[in-house]
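Report on one structure; see the data block that follows.
What follows is calculated from the coordinates using simple rules that are stated; it is not laboratory data. Please read all numbers here as calculations on a predicted model, not as lab measurements. All Cβ positions, even for glycine, are placed from backbone atoms using ideal geometry, and neighbour counts span all protein chains on display.
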Amino acid sequence: MKGKIALEEHFAIQETVDDSAGFVPADYWVELRARLLDLNDGRLREMDANGVEMMLLSLNAPAVQAIPSVPTAIEIAQRANDFLADAVAKQPSRFQGFAALPMQDPEAAIVELRRAVRDLGFRGVLVNGFSQRDGEDAILYYDLERYRPFWAEVEALDVPFYLHPRNPLRQHSTIYEGHDWLLGPTWAFGQETAVHALRLMGSGLFDAHPNLKIVLGHMGEGLPYSMWRIDHRNAWVKTPPKHHAKRKIAHYFIKNFYLTTSGNFRTQTLIDAMLEVGSDRILFSADWPFENVDHAANWFDGAAISETDRQKIGRTNSIGLFGLDDVLASGGAAKPLQDVD
Ligand code: MN
């Protein structure tokens, strides 16, 4: 399929690139590092060879979220966002941007959010899980009361918020002790991010701000597969749920969330996600440079789904969600469906 739009595609600046070392063996680091720092020829070649018209770019992980000093977190977020804005300005029909935000300080996050959306023209924000902050024992999840003004601003600006994974801190990872192979994308990323998303859903956040749009990668971090059980366990026990939300958790998952295919190139998993949230809320992504664009594209282009759904997931859902029709060279129109013999 030509004209695909990919959403969970990362870059790095010199100050953050080393955060991605360790996710691949040392002899692959030279290649991964080069991929992260390249916003020109190599990346565009990958896109052209695999029918990807546009990437929405975001900073690598955990980057800003793992900088406990608030002034430094603010500075790195600004620097990354300025760098990305420059890259987007050079090729706006191929690249658009997600903002990095210093979530350690909700007020500073609001200031940078406004700057990124209004001044830099970013299409949304991408945050790498919880934040660490100097002087706080606890790590900061965004269901906390202090983040309500931030969420009000996200809703007012009407931009999607991509909740991207990071690893749990070592001191919170006793379940993984002796089993480091489970960290990162193998398992811990998904578990960490799924719980964070459930915290948002159960907190009542989406009752207060019903128009928030949250994006999850990796086909929903396992949540589609578990959503029914979350709301229906022990159904014979007629007591109200213990969370603070007014409705069932699935209500918010279907209404406020969008899922991408990043790093999870499996038709069986896609079908399950489609059965839970519908093809209008699923969007193509690769997770470059941690995954290959050709692995994502070859799988997606041949996946056994309808051509109508392929166009939605591969392209038109993203144009609608991020308002991209003004920047695509093709004008944003859906490519005509190929004739089916
Ligand atoms: Mn990613």
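Data table
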item: Whole-number percent relative contact order across the stretch 161-244, with pairs defined as alpha carbons under 8 Å at least 6 apart; result: 38
item: Within a Gaussian network of the chain (alpha carbon springs, distance under 10 Å), most fluctuating of Asn40, Asn50, Asn81; result: Asn40
item: Positive-end residue, the stretch 85-230 charge dipole about Cα centroid, Cβ charges, pick of Gly190, Val215, Ala89; result: Ala89
item: Lys pairs, the stretch 4-329 - Cα-Cα below 19 angstrom, 8 or more residues apart or on other chains; result: 9
item: Cα lying deepest toward the dipole's positive end in the chain, options Gly320, Ala235, Ser279, charges on Cβ; result: Ala235
item: Helix-only CD estimate at 222 nm, as mean residue ellipticity for the chain, using -39500 (n - 2.57) per DSSP H run (n ≥ 4); result: -11000 deg cm²/dmol
item: Cβ charges +1 (Lys, Arg) and -1 (Asp, Glu), total dipole of the stretch 67-226, debye; result: 500
item: ³J(HN,Hα) computed for each position of the stretch 210-219 - Karplus, 6.51 cos²θ - 1.76 cosθ + 1.60, integer Hz, glycine/proline x; result: x, 9, 5, 10, 10, 10, 10, x, 6, 6
item: Kirkwood estimate for the stretch 35-155, i.e. one over the average of 1/r between Cα atoms, Å; result: 15.1
item: Global geometry of the chain, whether rounded, prolate or oblate, following the gyration tensor of its Cα atoms and the 1.5 cut on a/c; result: rounded
item: At most 14 other Cβ within 10 Å, DSSP loop - GluC sites (Glu not before Pro), the stretch 130-175; result: Glu136
item: Highest-MSF residue in the chain out of Tyr142, Tyr252, Tyr28 [GNM, Cα springs under 10 Å]; result: Tyr28
item: Cα gyration tensor category, rounded, prolate or oblate, for the stretch 184-290 with a/c compared to 1.5; result: prolate
item: Between the stretch 311-331 and the stretch 221-248, the Cα center-to-center distance that results, in Å; result: 34
item: Ascending count of other beta-carbon atoms within 10 Å, so fewest first, for Thr260, Thr193, Thr174, Thr308; result: Thr174, Thr308, Thr193, Thr260
item: Only Lys, Arg (+1) and Asp, Glu (-1) charged, at Cβ; the chain dipole about Cα centre in debye; result: 1100
item: Vicinal HN-Hα couplings computed from phi for the stretch 171-183 (Karplus, 6.51 cos²θ - 1.76 cosθ + 1.60; Hz; Gly/Pro x); result: 5, 10, 10, 4, 5, 9, 4, x, 9, 4, 4, 7, 6
item: Selected from Ala73, Ala34, Ala273 as most flexible by GNM, with the chain as the system and alpha-carbon contacts under 10 Å; result: Ala34
item: Mean Cβ neighbour count within 10 Å, used as a protection proxy, ranking 180-188, 96-104, 232-240 highest first; result: 96-104, 180-188, 232-240
item: Proximal charge balance of Glu46 [Cβ under 13 Å; K/R count +1, D/E count -1]; result: -4
item: Under 19 Å from the Asp231 label point (7 Å along Cα→beta-carbon), backbone N, the stretch 278-293; result: 278-282
